[in-house]
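See structure below.
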Amino acid sequence: MYNLVIFGAPGSGKGTYSAQIMEEFGFDHISTGDVLRGEIKNGTELGKTAKQYIDQGQLIPDSLMIDILASVYDSKKGAKGMIFDGFPRTIVQAEALKAMLTERGEKITRTLNLIVKEEELMRRLLKRAEIEGRADDNEETIKKRFAVYENQTKPLIEWFRNEGVLTELTYDGDRAKMDASISAAVKAIL
């Protein structure tokens, strides 16, 4: 199975491009954000715990995320490809993902790093907050999420590079050009 990681700062388009890849190439998708929001909506114990972290702009503890990820991944056996959207976010998580995939005879095939300027990210996230009413998309929390990304998540870029799986794609304001770049990057691994 092709295992594709969609990587980038909050608001970089991970969900949007995951949907594009699913439609164009028939991949399946694991969005840790969607899974967690579902748990929160359903009022599960995991959801209650996760909500406390999310409301403070913090990352969910690794042990919780790994357990969720392995369970969801195993439920989607037989897919042509899998997109990991919003995971991993730390080097520890990346190592855990690598180990989880290795146990299943799989590996990370490619990581697409979506590079978008911070002003554009803020604009997108505030607009999303208006449209979707997401409580975690207010300016104060967004700034905290950017700081967490810079300190904890961005160091993963070098980890992916060292693994030989990194493709960097920069958004320059031209959506059609970015769409084409995403498609080309996925075609290159098939």
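The values are calculated or read from the model by the stated rules, or taken from the named source; none is laboratory data. Just so we're clear, the structure is a prediction, and the values are computed from it rather than from any experiment. Here the Cβ is made from the backbone with ideal geometry for all residues, glycine too, and neighbour counts use every protein chain on show. Heavy atoms of the whole protein, side chains included, go into the accessibility calculation; ligands, DNA and RNA do not. Shrake-Rupley method; radii C 1.70, N 1.55, O 1.52, S 1.80 Å.
Within region 91-115, restricting attention to residues that are open to solvent by less than 30 Å² (accessible area, probe 1.4 Å) and touching a Lys or Arg at 6+ places or on another chain (Cβ under 8 Å), the residue that is nearest to residue 145 (Cα to Cα) is 114. For region 16-33, the candidate set comprises residues that are part of a helix (DSSP H, G or I), in contact (Cβ under 8 Å) with a residue 24 or more places away in the chain and open to solvent by 40 Å² or more (accessible area, probe 1.4 Å); within that set, the residue that is farthest from residue 126 (Cα to Cα) is 24.
For region 44-54, the criterion of being under 17 Å from the mean Cα position of the chain (by Cα), in contact (Cβ under 8 Å) with a residue 40 or more places away in the chain and not in a loop (DSSP other than H, G, I, E, B) is met by at least one residue.
Listed here are the residues, each with its yes/no results for (1) part of a strand (DSSP E or B); (2) of a type outside the set (S, T, N, Q); (3) touching a residue at least 40 places away in the same chain (Cβ under 8 Å); (4) out of contact with any helix residue (DSSP H, G or I) (no Cβ under 6 Å at 6 or more places or on another chain).
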| residue | (1), (2), (3), (4) |
| --- | --- |
| 94 | no, yes, yes, no |
| 151 | no, no, no, yes |
| 162 | no, no, no, yes |
| 190 | no, yes, yes, yes |
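Tell me, please, whether a residue that is over 16 Å from the mean Cα position of the chain (by Cα) and among the polar types (S, T, N, Q) can be found in region 140-158. Yes, the conditions are met somewhere in region 140-158. The numbered conditions (1) in contact (Cβ under 8 Å) with a residue 24 or more places away in the chain; (2) open to solvent by 20 Å² or more (accessible area, probe 1.4 Å); (3) outside any strand (DSSP E or B); (4) not hydroxyl-bearing (Ser, Thr, Tyr) are all true for residue 64 except (1).
In this entry, residue 148 is excluded by the filter for residues that are buried (at least 16 other Cβ atoms within 10 Å of the Cβ) and modelled with pLDDT under 85. With respect to residue 154, determine if the residue is at pLDDT 95 or above and open to solvent by 70 Å² or more (accessible area, probe 1.4 Å). For residue 154, the condition - at pLDDT 95 or above and open to solvent by 70 Å² or more (accessible area, probe 1.4 Å) - is not met. A single entry from 40, 54 fulfils the requirement of being closer than 23 Å to residue 149 by Cβ, at pLDDT 85 or above and either open to solvent by 40 Å² or more (accessible area, probe 1.4 Å) or not acidic (Asp, Glu) (or both): 40.
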